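In what follows, a single structure is set out as structure tokens and then discussed.
The values are calculated or read from the model by the stated rules, or taken from the named source; none is laboratory data. All values derive from a computational prediction rather than experimental measurement. Backbone-built Cβ (ideal geometry, glycine too); neighbour counts: all protein chains shown.
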Amino acid sequence: MATYPDTFEFNHLNRPLGIEWSRRNLTVEGRIPDDIEGAFFRAVPDPAFPPLFADDTTLSGDGMVSRFLFQNGAVDHDIRYVRTARYEAERQARRALFGRYRNPFTDDPAVRGVGREVCNTTPVWHGGRLLMTKEDGRAYEVNPHTLETVGIYTFGGRLKSETMTAHVRIDPVTGEMFFFGYEAGGLATEDVSYCIADRDGNLVSEQWFRNPYCSMMHDMAITERYAIFPVYPTTANLERLKAGGLHWLHEQERESWVGIMPRYGKVTELRWFKGPKGVSAYHFVNAFEDGGKVHLDVCLSDTNAFPFIREPSGITTKQWEIKGSVSRWTMDLSKPGDGIALADVAPPGDLPRLRDIDQGRPYTHFWLPTVSMKTGGPPVVGGPVGTTFNALLRVDFAAQRIDELNLGPGIAFNEPIHVPSKRPGHDGWLVACIDREHDAQHHESELLILDAANITAPPVARIRMPVPLHPQVHGWWVPASELARAKIPAPR
Ligand SMILES: [Fe+2]
């Protein structure tokens, strides 16, 4: 019988749980604020079977959709696998059939031609639909009421791109969804699709362009007038894949790039700016315009943060030696040239959370999980990096102030969501799962609700989960008013 590898990718918080579970009326300590009515969806990678290759990564894990449903101060939780073609094929066989991360040439011949999607990265809500996404393929639609998998989602057959990012950007005024897909034309291609869906979810624009090289493009950004496509030198190569090798290696001596175009323009209008060599970023806090300039706030590191990419690339930087920051990249569109000005604006961290209304606009503050030295113990092992975040920051540019929530050693923070308040002047609420590790095989999970303006105050409510939760990647808040408008009607 195959067993899970004895690596951090499958141990500690990353150990497979495979728990499909439902519970109504969880015990709430404190009081759920009236503003919190709706669903907190989370994407969770949890490998249903031991992998074919021992060097596999947690990023390959089968996607599960987890939901906390808030109704009248009560909270329910449900979690289900996304029943992708891949999950169903392996469930039938009772073993793994798909090979290395994003390398179909290493798959069992029995699944040749079967979709490799795992849908484990972000639950995206748009146009009344819940889409489970991961950047290496198309999304799957999931019934937001029952968590049953509907099937692969192609915008009614209109999407040409073979891939769709897990990091869409939704304009808070127009309701449009801006997104992209890299390797849009197939494995290791330089093709990138750039798409717009109107507020009702109809795909109204799809254009393709070619990147400077085939890059792992995890996120994009928008401003009120521009679409922004950063490119970092984590690269793929078809010959390497055909030889059974790794999808990604990081090229420390290669330049990074930022492509900017009018967001309703043609891809032929893309203007490329050249960034530093060897740097890496997965997530952008936000972007905004300032006269003729565009500012892009980047969760930047000086090399790729993932050991499964960095180490085979021959980069000897240890995890704790990686340097980073939230770095403001400024491109001046009013001047010729391809230069970018860089300035550190916040400490290192990742999985940033912005208020939805600030998307693409000048903004005053955001929230950021980070690794803090004040915790009094090492970070808990988990996630694709191997170290989890042990503190949560509220970074306030306007007040020039950073607050840090630190709950002591043995705690891992998952990415928070932000729920706005109906009260004028109130900063709303942050909702986040934390994991409390006891030892390598045991942890407990909790849901915390924090005052978003005052994260260091005691939580306004907490829910201690009766079962451990696998760490999420990203989450999404869907208010009850939106759930009521779901394309799939709620069961009576
Ligand atoms: Fe992400």
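Going by what's in this entry, would Arg394 be described as under 21 Å from the mean Cα position of the chain (by Cα) and under 24 Å from Met217 (Cα atoms)?
No.
Identify, by number, the condition in (1) more than 14 Å from Trp257 (Cα to Cα); (2) touching a Phe, Trp or Tyr at 6+ places or on another chain (Cβ under 6 Å); (3) surrounded by 23 or more Cβ atoms within 10 Å (Cβ to Cβ); (4) not small (Gly, Ala, Ser) that Asp191 doesn't meet.
Unmet condition: (3).
Leu342: closer than 24 Å to Asp302 by Cβ, at pLDDT 95 or above, surrounded by fewer than 21 Cβ atoms within 10 Å (Cβ to Cβ) and more than 16 Å from the ligand (Cβ to nearest atom), yes or no?
yes
State whether the residues of the range 417-430 include one that is of a type in the set (S, T, N, Q) and either outside any loop (DSSP other than H, G, I, E, B) or within 16 Å of the ligand (Cβ to nearest atom) (or both).
So far as the range 417-430 goes, no, none of its residues is of a type in the set (S, T, N, Q) and either outside any loop (DSSP other than H, G, I, E, B) or within 16 Å of the ligand (Cβ to nearest atom) (or both).
Please work out if Val380 is buried (at least 22 other Cβ atoms within 10 Å of the Cβ) and away from the ligand (no atom under 16 Å from the Cβ).
yes
Write out, first by first residue and then by second, each pair whose Cβ atoms fall under 9 Å of each other, whose residues are 6+ apart or on separate chains, and whose first residue, in the range 357-369, is closer than 22 Å to Thr387 by Cα while the second is crowded, with 22+ Cβ neighbours inside 10 Å and of a type in the set (Ser, Thr, Tyr).
Going by the 9 Å Cβ cut-off, the qualifying pairs are Pro369/Thr388.
Out of the range 453-467, which residues are buried (at least 17 other Cβ atoms within 10 Å of the Cβ) and over 21 Å from Leu368 (Cβ atoms)?
Selection gives Ala461, Ile463, Met465.
Of (1) surrounded by 21 or more Cβ atoms within 10 Å (Cβ to Cβ); (2) under 18 Å from the mean Cα position of the chain (by Cα), Thr387 satisfies all except one. Which?
Among (1) surrounded by 21 or more Cβ atoms within 10 Å (Cβ to Cβ); (2) under 18 Å from the mean Cα position of the chain (by Cα), the lone unmet condition for Thr387 is (1).
Quick one: in the range 425-457, of everything that is of a type in the set (Asp, Glu) and within 21 Å of the chain's Cα centre (by Cα), which residue is farthest from Val380 (Cα to Cα)?
Glu446
Being within 16 Å of the ligand (Cβ to nearest atom) and of a type in the set (Gly, Ala, Ser) is the filter here, so list the residues in the range 165-176 that pass it.
Selection gives Ala166 alone.
Step by step: first the residues of the range 126-139, then only those that are away from the ligand (no atom under 16 Å from the Cβ) and within 20 Å of Trp477 (Cβ to Cβ), then the one that is surrounded by the fewest Cβ atoms within 10 Å (Cβ to Cβ). Which residue is that? Quick ask: steps written out before the conclusion?
The first filter runs over the range 126-139 and keeps only residues away from the ligand (no atom under 16 Å from the Cβ), leaving 126-130, 138.
Next cut, within 20 Å of Trp477 (Cβ to Cβ) only: 126-130.
Working: His126: 20, Gly127: 20, Gly128: 17, Arg129: 20, Leu130: 28.
So the residue we want is Gly128.
Somewhere in the range 147-164, is a residue buried (at least 18 other Cβ atoms within 10 Å of the Cβ) and within 16 Å of the ligand (Cβ to nearest atom)?
Yes, the range 147-164 contains at least one residue that is buried (at least 18 other Cβ atoms within 10 Å of the Cβ) and within 16 Å of the ligand (Cβ to nearest atom).
Of (1) within 16 Å of the ligand (Cβ to nearest atom); (2) outside any strand (DSSP E or B), Phe180 satisfies all except one. Which?
Among (1) within 16 Å of the ligand (Cβ to nearest atom); (2) outside any strand (DSSP E or B), Phe180 violates only (2).
Could you check the range 19-58 and list, in sequence order, the residues that are closer than 24 Å to Pro307 by Cα and surrounded by fewer than 20 Cβ atoms within 10 Å (Cβ to Cβ)?
Once the filter is applied, which keeps residues that are closer than 24 Å to Pro307 by Cα and surrounded by fewer than 20 Cβ atoms within 10 Å (Cβ to Cβ), the range 19-58 yields Ala48, Phe49, Pro50, Leu52, Phe53, Ala54, Asp55.
Using the structure shown, decide if Pro468 is under 30 Å from Cys119 (Cβ atoms), within 16 Å of the ligand (Cβ to nearest atom) and not small (Gly, Ala, Ser).
Spelling it out, it is not the case that Pro468 is under 30 Å from Cys119 (Cβ atoms), within 16 Å of the ligand (Cβ to nearest atom) and not small (Gly, Ala, Ser).
Just the residues that are within 20 Å of the chain's Cα centre (by Cα) and not hydrophobic (A, V, I, L, M, F, W, C), please, taken from the range 343-364.
Within the range 343-364, Pro347, Pro348, Gly349, Asp350, Pro352, Arg353, Arg355, Asp356, Asp358, Gln359, Gly360 meet the criteria.
Would you mind stating whether Gly99 is away from the ligand (no atom under 16 Å from the Cβ), assigned to a loop (DSSP other than H, G, I, E, B) and surrounded by 19 or more Cβ atoms within 10 Å (Cβ to Cβ)?
Spelling it out, Gly99 is indeed away from the ligand (no atom under 16 Å from the Cβ), assigned to a loop (DSSP other than H, G, I, E, B) and surrounded by 19 or more Cβ atoms within 10 Å (Cβ to Cβ).
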